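Report on one structure; see the data block that follows.
The values are calculated or read from the model by the stated rules, or taken from the named source; none is laboratory data. None of the values given here were measured: they were computed from a predicted structure. Heads up, the Cβs are rebuilt from the backbone with ideal geometry, glycines too, and the neighbour counts pull from every protein chain shown.
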Amino acid sequence: MPSNWDPLGSLGKALVALSWLVVVLYIAPVFVAVWLSWPPSTSPPFSLAWVLAWSIGQAVLSASLATLTGWPLGVLAGFYDSKLARIAVVASLAPFMSPVVAAAIGLRILYGEGGLVSSHLGFTRLLAEGWTGVVTLHSYFNIGFAAAMTAAAAAATERSVVEQVELMGLRGPRLWLRALLPLTFRGALQAWGIAFLYSFASAAPLLVAGAAYRYYTLEAWLYSLYYGFPGVPGLQGLAAVLALVELGLAVLFSAIIMYLLARGVPSPLAARGHGMLRLRGPYRVLAAIYTVLVIVYLYAPLLGIGWEAMGASLSELEKLSSMGPGLGGAVINSLAYAGFTVVLSLVLGLVVARGGSPLLRLSR
């Protein structure tokens, strides 16, 4: 097959042009804002070096915790004949898609000061306060995503590969370390990369008690500078400059992640090795306990919100639901935004798969 073969033809060229147009439209406002506010008339009210170091460090830790928690669940769901694990992977996507405010409220209801759990187990306040609360909130969202990505990689491994693993006589930890984890490493790396970018560019620390201002990420500071100091001249212009810094770092990190993924060796794909392995003896019990614990951890904050909502005033809810577009309008708007995002992601994904990304060509 010729190296310049393009299955999309003219459509592929049109998609590339559309992709570049989208990129320009998305990033142009940042450059315009910097141009209008340059040079900054004031310095940041924080140590930029510390904020950048913390933003990157907590993103690494949050992504690592989410991946290490969700990865085994994905392996169990993909390689093993475990209905419980497969149900857990599907169920774990609901917390992944929950609003960040809802998750923050749920964690605070359970583990915050006077929470349902922390009032009995004081050490659990670490899950809702300070820097540990920031890491908990960020990692919480991406556990289900990591499980889904690794489960897909495991389920797509060719049957002959799984059969060869069984013939090698690998069991227990050796089976995981020498076969199952390496076969799903690329899916785990993809999940880690998305979780890292999410955590790095997140303003969620604004919702964590005890995080202000020392444990604010760069994104949280951008919100604070733009909305929180209306009487301080120059800070809104400074926010534009810092937004450009964050954008540049996000592009750099995305390029590194794409480079690593392109250099990685994917597992053989034939989608025939799903659920071939069997859990035996104590491993079956341990797998069930781990799966249940993950689901309980993910759904406990959502159940906490439900418990708290039982005391809500229906009249106040009715008043709030009539504001703006109303409840029905808000649902329609959310579906419209989600649909637009999916379509846009598919367009950009087709361009990258087509080979339109110079980063992919550079990595080959």
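Of the numbered criteria (1) surrounded by 20 or more Cβ atoms within 10 Å (Cβ to Cβ); (2) out of contact with any Phe, Trp or Tyr (no Cβ under 9 Å at 6 or more places or on another chain), the one residue 200 fails is (2).
Evaluation of residue 212 against the conditions (1) assigned to a helix (DSSP H, G or I); (2) hydrophobic (A, V, I, L, M, F, W, C); (3) in contact with a Ser or Thr (Cβ under 9 Å, 6 or more places away or on another chain) shows that the sole unmet condition is (1). Test residue 10 against the criterion of being modelled with pLDDT under 80, exposed (fewer than 13 other Cβ atoms within 10 Å of the Cβ), more than 29 Å from the chain's Cα centre (by Cα) and in the same structural domain as residue 220 (by TED's automatic domain parsing), and give yes or no. So residue 10 does not fit the description; no.
Given the condition out of contact with any helix residue (DSSP H, G or I) (no Cβ under 8 Å at 6 or more places or on another chain), assigned to a helix (DSSP H, G or I) and within 21 Å of residue 68 (Cβ to Cβ), answer yes or no: does some residue in region 166-175 qualify? Within region 166-175, one or more residues are out of contact with any helix residue (DSSP H, G or I) (no Cβ under 8 Å at 6 or more places or on another chain), assigned to a helix (DSSP H, G or I) and within 21 Å of residue 68 (Cβ to Cβ).
Quick check: anything in region 295-310 at pLDDT 80 or above and either closer than 30 Å to residue 170 by Cα or not in a helix (DSSP H, G or I) (or both)? Within region 295-310, one or more residues are at pLDDT 80 or above and either closer than 30 Å to residue 170 by Cα or not in a helix (DSSP H, G or I) (or both).
Residue under question is residue 156, and the condition is that it be under 25 Å from the mean Cα position of the chain (by Cα) and buried (at least 20 other Cβ atoms within 10 Å of the Cβ); does it hold? For residue 156, the condition - under 25 Å from the mean Cα position of the chain (by Cα) and buried (at least 20 other Cβ atoms within 10 Å of the Cβ) - is met. Within region 336-349, residues that are touching a residue at least 40 places away in the same chain (Cβ under 8 Å) and assigned to a helix (DSSP H, G or I) have Cβ atoms under 7 Å from residues that are surrounded by 10 or more Cβ atoms within 10 Å (Cβ to Cβ) and of a type outside the set (D, E, K, R) in these pairs: 344/22; 347/15; 347/18; 347/19; 348/19, counting only partners at least 6 apart in sequence or on another chain.
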